[in-house]
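Asks: After the structure tokens below, expect a handful of questions from me.
The values are calculated or read from the model by the stated rules, or taken from the named source; none is laboratory data. Quick caveat: nothing in here was measured; it's all calculated off a predicted structure. All Cβ positions, glycine included, derive from the backbone under ideal geometry; neighbour counts span all protein chains shown.
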Amino acid sequence: MPIRIEFRHLYGRAWREVIRPAILQRARSRCEQCGKANRQMVWVWRSNSNGQYWSPSLIAQQWTYCVQGGAGNFRLPDVQIREGKRTGRLRQIYVVLTIAHLNHTPGDDRPENLKALCQWCHLNYDKLHHKETRALRKDRTRPLLAAMRRSA
């Protein structure tokens, strides 16, 4: 989600050089919700409802374990991986960690209010807040509702 114009002044040099790196270091460059590593390619379900993912190294390790006669029964459902390309219901994404304000207040940069989240977890965390703010902005542009509020 892009930063709204009225809040961009809050994300200057201090944010980029001090606050964001400190939160990423605290999280060890992993999503604090699901554990995805920052700036890595991972496999996820197209309709991912629980944040489950597979990293290429994990796939290689488990595939090797199964092929070598291990007891594990590893299989990526409905997917075939050929020469690094995917087919089926999984897709490969590039993870970029974002910093979420837990109380949805830009500028409240206390460490306990900030959390490193991947894109999916951040959007999922903010889902209700986005719905509410979208409804408020829509209502402001509706002249009939504005007139009804003034008369009430």
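Asks: Just checking, how many residues over the range 12-32 are outside any helix (DSSP H, G or I), in contact (Cβ under 8 Å) with a residue 60 or more places away in the chain and either under 19 Å from Arg110 (Cβ atoms) or in contact with an Asp or Glu (Cβ under 8 Å, 6 or more places away or on another chain) (or both)? Walk me through it before giving the result.
Replies: At the first step, the residues of the range 12-32 found to be outside any helix (DSSP H, G or I) are 12, 27-32.
Adding the requirement that they be in contact (Cβ under 8 Å) with a residue 60 or more places away in the chain leaves 27, 29-32.
So of that shortlist, the ones also either under 19 Å from Arg110 (Cβ atoms) or in contact with an Asp or Glu (Cβ under 8 Å, 6 or more places away or on another chain) (or both) come out as 27, 32.
Number satisfying all stated conditions: 2.
The rows are residues; the columns are (1) part of a loop (DSSP other than H, G, I, E, B); (2) modelled with pLDDT of 85 or more.
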residue: Ser47; (1), (2): yes, no
residue: Ser57; (1), (2): no, no
residue: Thr64; (1), (2): no, no
residue: Pro77; (1), (2): yes, no
residue: Asn103; (1), (2): yes, yes
residue: Asp109; (1), (2): yes, yes
residue: Cys121; (1), (2): no, yes
residue: Asn124; (1), (2): no, yes
residue: His130; (1), (2): no, yes
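Asks: How many of the residues making up the range 1-45 are of a type in the set (Asp, Glu) and at pLDDT below 90? Walk me through it before giving the result.
Replies: Quick first cut of the range 1-45, residues of a type in the set (Asp, Glu) only: 6, 17, 32.
From what's left, at pLDDT below 90: 6.
Number satisfying all stated conditions: 1.
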